[in-house]
Amino acid sequence: MILLANILLALAKIVELASGVLTIYKYILLASVIISWINADPYNPIVNFIYRVTEPALQRIRRYMPNTGMLDLSPLVLFVLIYLVQIIVFDTAYTYLMLFSNQLKGQAL
């Protein structure tokens, strides 16, 4: 039982790491929004990296959104989607994995 509890604990830590990666992606997305406002040099390696990381997801969202002219709402939609995934999927999975891990460790003692 302790082995299964440790496996569940490891899975919980992987879920926590994935949530952290999504948080970093949110910061990169925020940087992309700010860069679009200030019209930075697209040949800058950092700007190029930010656009290469964020544009594929934003393009998929823009396909399904109505044209709003100069106002691009796709980053806002992506922020909401990431937030929902973090709250609904990752936090719930982390909570249940930790709960089951602690229950199994309590039974083994």
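With q set to 0.22, 0.24 Å⁻¹, the log10 of I(q)/I(0) for the chain, from the Debye formula over equal scatterers at the Cα positions, is -1.12, -1.23. The chymotrypsin sites (Phe, Trp or Tyr not before Pro) of the stretch 7-109 that meet both conditions, a loop assignment by DSSP and at most 16 other Cβ atoms within 10 Å of the site Cβ, are TYR43. Across the options VAL85, GLY69, ILE46, the greatest Cα extent toward the positive end of the charge dipole of the chain (unit charges at beta carbon of Lys, Arg, Asp, Glu) belongs to VAL85.
Nearest 500 deg cm²/dmol is fine: what mean residue ellipticity at 222 nm does the chain get from its DSSP H runs of n ≥ 4 alone, each adding -39,500 (n - 2.57), divided by its residue count?
Details: 4 runs with 85 residues, N = 109.
The per-residue figure over the chain is -27000 deg cm²/dmol.
Using the Cβ of ILE50 as centre and a radius below 14 Å, the other residues enclosed give a net charge of 0, where K and R count +1 and D and E count -1.
Name the residues of the stretch 11-30 whose amide N is less than 13 Å from a point 7 angstrom out from the Cα of ALA40 along the C-beta direction? Of the residues in the stretch 11-30, 27-30 have backbone N under 13 Å from the label point off ALA40. Full extension of the chain between TYR25 and PHE49 gives 7.4 nm of extra length, using 0.36 nm per residue less the Cα-Cα distance.
Across the stretch 2-108, C-alpha contacts under 8 Å between residues 6 or more apart give a mean separation that, scaled by the residue count, equals a relative contact order of 55 percent.
Count charges around LEU11 for me, please; just the other residues with Cβ under 15 Å from its Cβ, Lys/Arg as +1, Asp/Glu as -1. Walk me through the numbers on the way to the answer.
Working: positive: LYS13, LYS105; negative: GLU16, ASP91.
Spelling it out: positives minus negatives among the neighbours equals 0.
Helices from the chain with mean Kyte-Doolittle at least -0.5 and a Cα length along the axis of 27 Å or more, per DSSP H: which?
Long hydrophobic helices here: 2-38, 45-64.
Every read-out reported here was derived from the displayed coordinates using simple, explicitly stated rules and does not represent laboratory data. Everything numeric here is computed off the predicted structure, so don't read it as measured data. Heads up, the Cβs are rebuilt from the backbone with ideal geometry, glycines too, and the neighbour counts pull from every protein chain shown.
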